[in-house]
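Accompanying notes for the structure given below.
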Amino acid sequence: MVKLTIVGRVSDGLPLAQGPRYTIEDYNKFLFYKQQAELILNEISKGALAHSKMTIHIDHHCFNHLVDNGIIFITLCDSSYPRKLAFHYLQDLQKEFEKFDNILVEKITRPCSFVKFDSIIGNIRRQYINTRTQANLSKLNANRKQDVDIVTKHISEILERRQNAEISDRVFVTPQTVSSIWSSPRQEEIALKWTPITTIIVVVVVLLWASLDSQTTS
């Protein structure tokens, strides 16, 4: 069953619309899956997931996503739900989304504020609830030898890649402000400030000592 749908923009990762919540009884679980969907949306926006079609497994569910013309269509289904039907569902959403003016879509600035599309998501989703309808059986049986090769990953792979990227960013972006000689910026500041003064004092003391020593010996 299709349980969650999010439509977003590739350019900035903004969620534009989402369908109603379906049959995820625990609201905390619903929020968790919604957060994971938005994470995937964000990763696609950053170019970390370059494939236009992907299936991403997460426990006993899977996310399927379709990217077309700068728009991302993501749906969460039970793992047992036919993947072919899930992508037919996403393609139907994509066809309906194309009917809207791009200028209108680009003006959206608040997350999930494209409410006009929410009802469309609900209407199309209802067509895919029963996988045994004649229409859905026809979709499943059509072009059986021409199934698209869709990349499959697990959510843990994406989370690990994201974590490694964040660590790398911290290592290479953070400026090296502390010299390896000093253990802290404060110590380095004090050293740079007082070292010249200390050197001058030492030189003066040496010269005075040398002057006194020469007078004594004479």
So what's the convex hull volume per residue for the Cα atoms of segment 1-73, in Å³?
87
Quick check on segment 68-116: take the gyration tensor over C-alpha atoms, sort the square-rooted eigenvalues as a ≥ b ≥ c, and tell me if it's rounded (a/c under 1.5), prolate or oblate.
prolate
Would you calculate the separation in nanometres between label points at Leu31 and Ser52, each defined as 7 Å from the Cα along the Cα-to-beta-carbon direction?
3.7
Nearest 0.05, what FRET efficiency do Asp59 and Arg110 give at R0 = 41 Å with Cβ-Cβ as r?
0.85
Let me cross-check Asp118: its accessible surface, 1.4 Å probe, with only protein heavy atoms counted, in Å² to the nearest 10?
40
Rg and Dmax of segment 1-137, using alpha carbons, in Å: what are they?
14.0, 40
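Between Asp78 and Ile167, what length comes free when the chain is fully extended (0.36 nm per residue of separation minus the Cα-Cα distance, one decimal in nm)?
Between Asp78 and Ile167, full extension yields 28.7 nm more.
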Can you give me the solvent accessible area of His51 with a 1.4 Å probe, rounded to the nearest 10 Å²?
90
Unsatisfied cross-links (Cα-Cα over 29 Å) in the set Lys34/Lys116; Lys34/Lys153; Lys46/Lys95; Lys84/Lys107
Lys84/Lys107
Just the Kirkwood number for segment 95-167, please: inverse of mean 1/r across all distinct Cα pairs, in Å, one decimal.
16.7
Relative contact order as a percentage, segment 1-64, C-alpha pairs under 8 Å and 6+ apart, gives 26
Sparse-neighbourhood loop hits (GluC sites (Glu not before Pro), segment 1-74; DSSP loop; Cβ within 10 Å at most 11 others) -> Glu25
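The values are calculated or read from the model by the stated rules, or taken from the named source; none is laboratory data. Please read these numbers as outputs of a predicted model, since none were measured by experiment. Glycine also receives a Cβ, built like all others from the backbone with ideal geometry; neighbour counts cover every protein chain displayed. Keep in mind that these areas ignore ligands, DNA and RNA; they rest on the heavy atoms of the full protein, side chains included. Shrake-Rupley method; radii C 1.70, N 1.55, O 1.52, S 1.80 Å.
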